1. Restrict the check to the stretch 144-156 and report whether at least one residue is within 14 Å of the chain's Cα centre (by Cα), in a strand (DSSP E or B) and not hydroxyl-bearing (Ser, Thr, Tyr).
2. Of the residues that make up the stretch 156-163, is at least one of a type in the set (Lys, Arg), farther than 24 Å from Ala67 by Cβ and touching a residue at least 60 places away in the same chain (Cβ under 8 Å)?
3. From the list Leu70, Leu52, pick out the single residue that is within 14 Å of Pro148 (Cβ to Cβ), assigned to a strand (DSSP E or B) and not small (Gly, Ala, Ser).
4. Is it fair to say Thr34 is of a type in the set (S, T, N, Q), open to solvent by less than 20 Å² (accessible area, probe 1.4 Å), in contact (Cβ under 8 Å) with a residue 24 or more places away in the chain and more than 14 Å from Trp116 (Cβ to Cβ)?
5. Of all residues in the stretch 123-135, how many are in a strand (DSSP E or B) and either at positive phi or crowded, with 18+ Cβ neighbours inside 10 Å (or both)?
6. I want to confirm something. Restricting to the stretch 73-98 and keeping residues that are aliphatic (A, V, I, L, M) and more than 24 Å from Pro147 (Cα to Cα), which single residue is nearest to the chain's Cα centre (by Cα)?
7. Looking for whichever is over 19 Å from Val36 (Cα atoms) and at pLDDT below 95 here; the options are Ala164, Ala111. Which one fits?
8. Take Leu19 and decide whether it is within 25 Å of Ile157 (Cα to Cα), modelled with pLDDT of 95 or more and among the hydrophobic types (A, V, I, L, M, F, W, C).
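The values are calculated or read from the model by the stated rules, or taken from the named source; none is laboratory data. Because the structure is predicted, anything quoted here is derived from the model rather than measured. Counting neighbours? That spans all protein chains shown, and the Cβs are built from the backbone with ideal geometry, glycine included. Surface areas here come from the heavy atoms of the whole protein model, side chains and all, with no ligands, DNA or RNA. Shrake-Rupley method; radii C 1.70, N 1.55, O 1.52, S 1.80 Å.
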Amino acid sequence: MDTTAAAALFAWLDREIWLVTAQAGGRRGGLIATLVAEASIVPDLPRVAVGLARQHHTWELVEASGAFGLHLIGEANLDWVWRFGLVSGHDQDKFAGLETATAATGSPLLAGCIGWLDCRVEARLDTGDRTLYLADVVQGVIANYGPPLTLKRLLQIAPPDRLAELKRQRFCDSHIDAEAIQAWRGGRGGSRR
């Protein structure tokens, strides 16, 4: 396997930055995600596919509630990247001081983003390091028109200290993910079906 080729191909992509939020049993949380994709070509039946790493507090909340909110964010929401992407919801309430609302699923929703989707999980796939969720979009709002914040743009505008912390956390997460993937593959008899 040529991992250099795979890394180079993925480096050409520029994923949008999404805020994923959820709540269950009085707990709430959110994280920054880039593994978000439209999962239906039927306009009247919108669906999304979202991948969440299993070690995150928000993953626990999505598992418990079967729902989540998705927020497409722009540069005006850069503070949310640091708030929801650099600290753990296990340690603090990431929503402290923010005004939230809820829609059909009860997931916390924030105003001020480009738009949000309220989603109910229809199916899930465990891949060792993360869970891929297929979700029904039960409600959506476009609040502001403008370009979404992308990963490449985020890396360009991040202050040096925040960029260093993003890289440090990605490095740590990659080791956690690698162990989980290997354990998952090992539990499947080593096959790569």
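1. Taking the stretch 144-156 as the starting set, the residues that turn out to be within 14 Å of the chain's Cα centre (by Cα) are 149-151.
Subset that is in a strand (DSSP E or B): 150.
Applying the additional criterion that residues be not hydroxyl-bearing (Ser, Thr, Tyr) yields none.
Looking through the stretch 144-156, none of the residues is within 14 Å of the chain's Cα centre (by Cα), in a strand (DSSP E or B) and not hydroxyl-bearing (Ser, Thr, Tyr).
2. yes
3. Exactly one of Leu70, Leu52 is within 14 Å of Pro148 (Cβ to Cβ), assigned to a strand (DSSP E or B) and not small (Gly, Ala, Ser), namely Leu70.
4. Spelling it out, it is not the case that Thr34 is of a type in the set (S, T, N, Q), open to solvent by less than 20 Å² (accessible area, probe 1.4 Å), in contact (Cβ under 8 Å) with a residue 24 or more places away in the chain and more than 14 Å from Trp116 (Cβ to Cβ).
5. The number of residues fulfilling the criteria is 4.
6. The extreme case among them is Val87.
7. Ala111
8. Numbers: within 25 Å of Ile157 (Cα to Cα): yes; modelled with pLDDT of 95 or more: yes; among the hydrophobic types (A, V, I, L, M, F, W, C): yes.
It is true that Leu19 is within 25 Å of Ile157 (Cα to Cα), modelled with pLDDT of 95 or more and among the hydrophobic types (A, V, I, L, M, F, W, C).
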